[in-house]
Amino acid sequence: MRTTEFRTVLRHAQDFGVAASIEPSTATGTIDVEATLGGTLGAVRSSGRIIGRALTLAGAPPLEVDASFGVDVGGKTSTGTFRVRAPGLESAAFLAQNDLTLGGSLIAAGTWSGPLSDPIVDASVTGRELTISHRGRVAVIAAGGAFDGMLKGPATDLGGEATLTIGSVEINGRGAGGVIADLTLAAGTVRVQARAPNVKTTPDAAVG
């Protein structure tokens, strides 16, 4: 089976029970799904590969996706591996309403297994050459960023830890040095513990 319309693939996946709360009408890009079916009518299994280029969802930056999967159709369970790359974060549109822009690249790679509606995910996330810009009364520009993290748990309730290192930060045109932040994700909340040695500041915050 092959198809090239990303929003159609997403809509059919949701009908089949795959957990995805994103509105298919926001999906654009080209995708190639190749799958084989086998077994008996009472125990159909499928395996295949998904390759996507320039995929976008709800204002996210274009994504490149490469995944291999196996599905127990009757039991509605699956296993697989994936690699998702966002080569140009500056294309993200969903942050514009908050006068935020991002730059750099992000890669997530890992595995999943379990129920289609809520599989267990184990993934690493890496970001390089990251930049952050906030316009407004308090203008903030951050550059030289690197992100390294791990995500584990059910897809609907992921947990994990990460470190974000920023090489340089400017606030209203004044240099504030670098920032190192430790992030912890649990129960839908991200806790951030940051250190800015040059300004002797150690913020501690939580974001739902």
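For this structure, a couple of remarks:
- Square roots of 5 times each gyration tensor eigenvalue, C-alpha, segment 116-178, largest first, Å: 32, 13, 8
- Between 0 and 90 degrees, the angle of helix 6-16 with respect to the longest Cα principal axis of the chain falls at about 60 degrees.
- Theoretical gain in end-to-end length, T126 to E161 [0.36 nm per residue, Cα-Cα removed]: 11.4 nm
- Accessible surface area normalised per residue over segment 97-208 is 59 Å², counting heavy atoms of protein chains with a 1.4 Å rolling probe.
- Residues A43 and D148, FRET efficiency given R0 of 45 Å [Cβ-Cβ distance, rounded to 0.05]: 0.60
- Whole-percent pair-distance distribution, where bins are 10 Å wide, for the alpha carbons of segment 62-158: 15, 34, 29, 16, 5, 1
- Checking every one of the trypsin sites (Lys or Arg not before Pro) in segment 115-167 against DSSP loop status and a limit of 13 other Cβ atoms within 10 Å picks out R135, R137.
- Here the chain is assigned +1 on the Cβ of each Lys and Arg and -1 on the Cβ of each Asp and Glu. Its dipole about the Cα centre then comes out at about 240 debye.
- Rolling a 1.4 Å probe over the protein heavy atoms of segment 68-124, with every protein chain left in place, gives an accessible area that is 58 percent carbon and sulfur.
- Cα centroid separation - segment 150-174 against segment 102-121, whole Å: 16 Å
- Mean shadow area of segment 154-208, taken as a quarter of the surface of its Cα convex hull (nm²): 4.3 nm²
- Phi angles across segment 87-100 convert, under the Karplus curve 6.51 cos²θ - 1.76 cosθ + 1.60 with θ = phi - 60°, into 3J(HN,Hα) values of x, x, 5, 5, 7, 5, 9, 6, 8, 4, 5, 9, 6, 10 Hz, Gly and Pro given as x.
- Angstrom value of the Kirkwood radius, inverse mean 1/r, which spans all Cα pairs in the chain: 19.0 Å
- Rounded to whole Hz, the Karplus (6.51, -1.76, 1.60) HN-Hα couplings of segment 131-137, x for glycine and proline: 10, 9, 9, 10, 8, x, 4
- Cβ-defined net charge surrounding A176, 15 Å radius [Lys, Arg +1; Asp, Glu -1]: +2
The values are calculated or read from the model by the stated rules, or taken from the named source; none is laboratory data. Predicted model only: the values in this text are computed from it and were never measured. No Cβ is skipped: glycine too gets one built from the backbone with ideal geometry, and neighbour counts run over all protein chains shown. Each accessible area value is taken on the protein alone, full model and side chains, heavy atoms only, with ligands, DNA and RNA left out. Shrake-Rupley method; radii C 1.70, N 1.55, O 1.52, S 1.80 Å.
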